[in-house]
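One structure is given here, and the rest of the page talks about it.
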Protein chains: 2
Amino acid sequence: MRALASDPAARGLEDDAAVLDFGGENLVLTHDTMIEGVHVLEGQDPADIAWKLVAVNLSDLAAKGAEPIGVLISHMLGTDDHRFVKGLEEVLGEYGVALLGGDTVRGDGPRCWGCTAIGRASHDPVPARSGAKPGDAVYLGGPIGRAMLGYEALRDDTEADDTHYRRPVPQLCLGQDLAPHVSAMMDVSDGLLLDASRIAAASNVTLSLDRNLVLPLAPEGRLEDAMRWGDDYVLLCTGPEGLDERFPLTRIGKVDASGAEPLLLDGSPPEGDIGYTH
Amino acid sequence: MRALASDPAARGLEDDAAVLDFGGENLVLTHDTMIEGVHVLEGQDPADIAWKLVAVNLSDLAAKGAEPIGVLISHMLGTDDHRFVKGLEEVLGEYGVALLGGDTVRGDGPRCWGCTAIGRASHDPVPARSGAKPGDAVYLGGPIGRAMLGYEALRDDTEADDTHYRRPVPQLCLGQDLAPHVSAMMDVSDGLLLDASRIAAASNVTLSLDRNLVLPLAPEGRLEDAMRWGDDYVLLCTGPEGLDERFPLTRIGKVDASGAEPLLLDGSPPEGDIGYTH
């Protein structure tokens, strides 16, 4: 959406939620579209697709410290719509979110789904990607790479656990708890390295991460892949030292003044592709 | 979306905008998805697609008497994205609407686009489909059948005017002017007869339309088709007699107590299919 954001009033870009003052409160809006064969595997259970569709949008709200209010869903009809409805009921029930409306369409070819989620920010100012300051620490809200393992299990039809790929869990409570304390926050949807570089770019700083600190969060032997794989939907934030003593966070690096590189890994720019771009 | 609206908190169904109390104001939300080959012709200029995508959502806001605030756009990338951006800029500029965010995706097969529009209701209570009362008159905010003629011109590549199909005009000002005075309101997106029957069903009344009153609003010789064709996006409302003297409306019938049929045309149920269902 970056190329489309030519309107000066635009406050949100791709994958980042929009924040609007409405009636004296901060309204948070986000939209994600998923395409069969791109964002979900072909033939995947529509109940899991519905769950993921809503959960990834709630994760965007979590990164704003917002409490979700409701969703609008766009669903392309198929042969197994009851499974989609089932998954939708499950995810909406799990997070207490209302189905406000949406659209159903018919079409040929790969199916597509859309979700717009709206929420109410719990703290003002609303956390953004742009507030990281030199001297801050960098924190991660949970393990990475579990969605990657789940994707591989589902793709290869193995016995390994595929739950984290099929049914991501948005960190809504953690996001609200952190909102008053962080200087910048987002969710890891496209990979730790790529998303960290986005905070760096938005904040005009350098994020210096330490492999040894990230290592325990990644599956054994898969650190490099895990840092470049998306879909984990854990929160990534910056803030004062010591936040990891008060909240379930792991400190993985620090924020430096803007240097030649937005992102350093053990002092060097990461090699190769740093993440997943849709 | 009707089948999906199992959540008791759901207040909007397919094609109807949702209304939410937020910060003491009425927030109006609507979402429409368009599929290549279904809602727009294959090969149609993406600038027109962008215009229509936004305009049909603004029309939903118009039916709520809402002033638009912004949109989130989902765009499937193709070879002519600059045309999409151009049309988007045109429609957003025309109506003073902000691009708040959205998503860009890649996929094979027919392209799909989504738009979520948000607005602020100008009047409380917000007009709904459910308020029509026996004794009310039924009004239409403009001609019908012009989109049908435009579609045929575009499809058959004739010299006839195709503007009304390519670039519908949401009746935003009229909707805000009417909001304090109407008992029910919606926009004609799926055909006059089908949409009138929706007001009747939601209000538990019978809408009795008069062909002779609709006749001047339809293209010559095409009355029956025009009443069954969608995409005109003119407002359809009910309210006290005389509204057509104060606003640019045409009186096309009256509201009766609920009878055996939701919709009567010159006293009889309309024959055959009554409109376009996506």
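The values are calculated or read from the model by the stated rules, or taken from the named source; none is laboratory data. Nothing here was measured: the structure is a model prediction, and the numbers come from that model. Ideal geometry is used to build each Cβ from the backbone, glycine not excepted, and the neighbour counts take in all protein chains shown. SASA here: full protein model, heavy atoms, side chains in, ligands and nucleic acids out. Shrake-Rupley method; radii C 1.70, N 1.55, O 1.52, S 1.80 Å.
Descriptive notes on the structure:
- Filtering region B:76-93 to residues that are outside any helix (DSSP H, G or I) and touching a helix residue (DSSP H, G or I) at 6+ places or on another chain (Cβ under 6 Å) leaves only B:ASP80.
- Residue satisfying all of: in region A:105-119; open to solvent by 10 Å² or more (accessible area, probe 1.4 Å) and at the interface with chain B (Cβ under 7 Å from one of its Cβ atoms); farthest from A:GLU42 (Cα to Cα) among these: A:ARG106
- Among the criteria (1) at pLDDT 95 or above; (2) over 26 Å from A:LEU53 (Cα atoms), the one B:ALA98 does not fulfil is (2).
- Of the criteria (1) within 30 Å of A:GLY43 (Cβ to Cβ); (2) in the same structural domain as A:LYS254 (by TED's automatic domain parsing); (3) among the aliphatic types (A, V, I, L, M), which one A:MET185 fails: (1)
- Answer residue from region B:120-141, given it is under 22 Å from B:ASP232 (Cα atoms) and part of a strand (DSSP E or B) and is farthest from the other protein chains (Cβ to nearest Cβ) among those: B:ALA137
- Single unsatisfied condition, B:GLY102 versus (1) within 23 Å of A:ILE118 (Cβ to Cβ); (2) at the interface with chain A (Cβ under 7 Å from one of its Cβ atoms); (3) in contact with a Gly (Cβ under 7 Å, 6 or more places away or on another chain); (4) small (Gly, Ala, Ser): (3)
- The set of residues in region B:45-77 being under 29 Å from B:SER183 (Cβ atoms) and of a type in the set (Ser, Thr, Tyr) consists of B:SER59 alone.
- In the set (1) open to solvent by less than 30 Å² (accessible area, probe 1.4 Å); (2) within 12 Å of chain B (Cβ to nearest Cβ); (3) at positive phi, A:GLY145 fails one condition alone, (2).
- Pairs with Cβ under 8 Å, 6+ apart, first in region B:16-37 and free of Cβ contacts under 8 Å to residues at least 40 places away in the same chain, second open to solvent by 10 Å² or more (accessible area, probe 1.4 Å) and assigned to a strand (DSSP E or B): B:LEU20/A:ILE69; B:LEU20/B:ASN26; B:PHE22/A:GLU25; B:PHE22/A:ILE69; B:PHE22/A:ARG120; B:GLY23/A:GLU25
- When region B:142-172 is limited to residues that are of a type in the set (S, T, N, Q) and not in a helix (DSSP H, G or I), the one that is nearest to B:ASN57 (Cα to Cα) turns out to be B:GLN171.
A quick yes/no check of all residues on (1) without any contact (Cβ under 8 Å) to a residue 60 or more places away in the chain; (2) within 16 Å of the chain's Cα centre (by Cα); (3) surrounded by fewer than 22 Cβ atoms within 10 Å (Cβ to Cβ); (4) outside the structural domain of B:ALA201 (by TED's automatic domain parsing):
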residue: B:LEU77; (1), (2), (3), (4): yes, no, yes, yes
residue: B:GLU89; (1), (2), (3), (4): yes, no, yes, yes
residue: B:ALA98; (1), (2), (3), (4): yes, no, yes, yes
residue: B:ASP103; (1), (2), (3), (4): yes, no, no, yes
residue: B:GLY141; (1), (2), (3), (4): no, yes, no, no
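- Region A:38-63, residues that are within 12 Å of A:ASP231 (Cβ to Cβ) and in a helix (DSSP H, G or I): A:LYS52, A:ALA55, A:VAL56, A:SER59
- Identity of the residue in region A:4-39, exposed (fewer than 15 other Cβ atoms within 10 Å of the Cβ) and more than 7 Å from chain B (Cβ to nearest Cβ), that ends up modelled with the highest pLDDT: A:ASP21
- Here is the figure for region A:38-54: residues that are over 20 Å from B:THR30 (Cα atoms), hydrophobic (A, V, I, L, M, F, W, C) and touching a residue at least 60 places away in the same chain (Cβ under 8 Å) total 4.
- Listed by position, the strands (runs of 3 or more DSSP E) inside region B:181-278 whose residues that are crowded, with 21+ Cβ neighbours inside 10 Å and more than 19 Å from the chain's Cα centre (by Cα) number at least 1 are B:205-209, B:250-257, B:263-265.
- Test: residue in region A:130-139 that is within 23 Å of A:ASP48 (Cβ to Cβ), open to solvent by 20 Å² or more (accessible area, probe 1.4 Å) and either among the basic types (Lys, Arg) or modelled with pLDDT of 95 or more (or both): no
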